[in-house]
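The structure appears right after this line, and notes come after that.
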Amino acid sequence: MTPSANQIFRVFLISLFICAIPTFGQNAQKPTLSASTKDATWTRTFAVPFNPLKAANDDQGKENELNIDPRFRPLLKSSFPQRQWFWYEHGQLVSTADLIETFIGVPGDAILDEGRYVTADGCVPHDCDANRGMLWIDTGTQPATLIFVGINPVSGNSSQETSRLWIFSSRKLDWQKLPNSFTTSLTRWLSTIAKQDYRGTGGYHYKFALATIVQPNGVMEDITPETLSLGIAEIGNTKTGAKQLPHPAPSSKKSGNSISSLNPQASPRSSTSISSSSTRSPRRRHSTACVSPAARSAVPTAPSPP
C-alpha cells in the first residue's frame, strides 16, 4: 500500500521536531552574555580565603585564570562605563576595562572574604614599583558591585616620590560610607605588598598625595589620603588579615574645586593641579614577577581646566 502525501508530510514533520530537540536543550544550557555581565558569582571559584602565613611569598587563589576567563572582560566593560584620563597605551587613552586588565596584568592574589567578596590584585608588567591595581567585587548584589583601585605616580619636583590612588566604582560611592569589606581589603592589600619579603622584594611602599573617586557617570571627587587612612595600613587579625579602616570623621570636607563633571565625549580634564604620569605598556599576561625598569617615559598628562 503506497503512503499518501499527507502521511509522508506528517512523518517529515515528526522527524524534524525530534532532530531539533537536542539543539534546543543545548541552547538552554548556555548562559547568555547579558546574564554573565550582571552576575559575578562565578568569580568566587578562582578565590580562596586569606592566609596571612602565605601573604608575602605565595600566590593565593587563581588571579591569572580569573583575568583570562572569557566572562571577565564583559563583566568589566558592563560595570565601568566611565572614562579614565591618565593611562595611555601606544599614545592613546584606553578604556577603564583595559586599564584594569593592565594594572593587574602581573598576577597577584585572588582572595574570598565571607564567601561573598572577591579581591584580585596585580601590577603593570615591567612596572610593578610604580603602577599596581586591586579589584574588589561584591558578588552578593545584582548586578555585582565592582570597585577598582589603581596606584599611579604623581609628577613633581620633590625628591620623594608620591602617588595618586584612583578609585573607579560601578555604583555611586559615598566617601563617608565606603563598604566595610572594601576598606578592609584595601588596607590588607597595601600592608601585604609593603612586607619586607613580599615576592622576593623589599616590599612596595607608597606615599599618597591624593585619592580620586571616579563615579560611574564620570564625576571625579578628590579626597585626602587621610580620609582613607592611607599609609598606616597594618596586618591585624588572622581572619581578614587587616584592620578595618575607620569611617571618615564628619569634619572632613570636600573642596568646591575637587569635583569635576566629565562628559565621556569631552576633552580630558584634570580636577586638580596634581598630575599623574603614565606609561605605554602593552596589555599582556605574565606569570612571573616583573622587573622594574631603570627609567620610565612619561606621557603628557591631561591639561588643567582654564
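The values are calculated or read from the model by the stated rules, or taken from the named source; none is laboratory data. Bear in mind that the values here come from a model prediction, so they are computed numbers and not experimental data. Ideal geometry is used to build each Cβ from the backbone, glycine not excepted, and the neighbour counts take in all protein chains shown.
Numbers below:
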read-out	value
Cβ-Cβ under 9 Å pairs, at least 6 apart or on other chains, region 169-192 side in contact (Cβ under 8 Å) with a residue 40 or more places away in the chain and under 19 Å from residue 152 (Cα atoms), far side aromatic (Phe, Trp, Tyr) and assigned to a helix (DSSP H, G or I)	192/198
Options 210, 165, 230, 186: the member that is more than 28 Å from residue 40 (Cβ to Cβ), surrounded by 14 or more Cβ atoms within 10 Å (Cβ to Cβ), in contact with a helix residue (DSSP H, G or I) (Cβ under 8 Å, 6 or more places away or on another chain) and hydrophobic (A, V, I, L, M, F, W, C)	210
Residue list for region 24-62, restricted to those being in a helix (DSSP H, G or I), modelled with pLDDT under 95 and of a type outside the set (S, T, N, Q)	24, 25, 28, 33, 35, 38, 52, 53, 54
Pairs where the first residue, in region 145-163, is within 18 Å of residue 193 (Cβ to Cβ) and the second is among the hydroxyl-bearing types (Ser, Thr, Tyr) and in a strand (DSSP E or B), C-beta under 7 Å, 6+ apart	147/169; 151/163; 152/163; 152/276; 153/163; 153/276
Enumeration of residues in region 70-87 that are surrounded by fewer than 17 Cβ atoms within 10 Å (Cβ to Cβ) and closer than 20 Å to residue 106 by Cβ	73
Verdict on residue 212 being farther than 26 Å from residue 100 by Cβ and either at pLDDT 95 or above or of a type outside the set (A, V, I, L, M, F, W, C) (or both)	no
Selection status of residue 73, of a type in the set (D, E, K, R), in a helix (DSSP H, G or I), over 26 Å from residue 207 (Cα atoms) and touching a residue at least 60 places away in the same chain (Cβ under 8 Å)	no
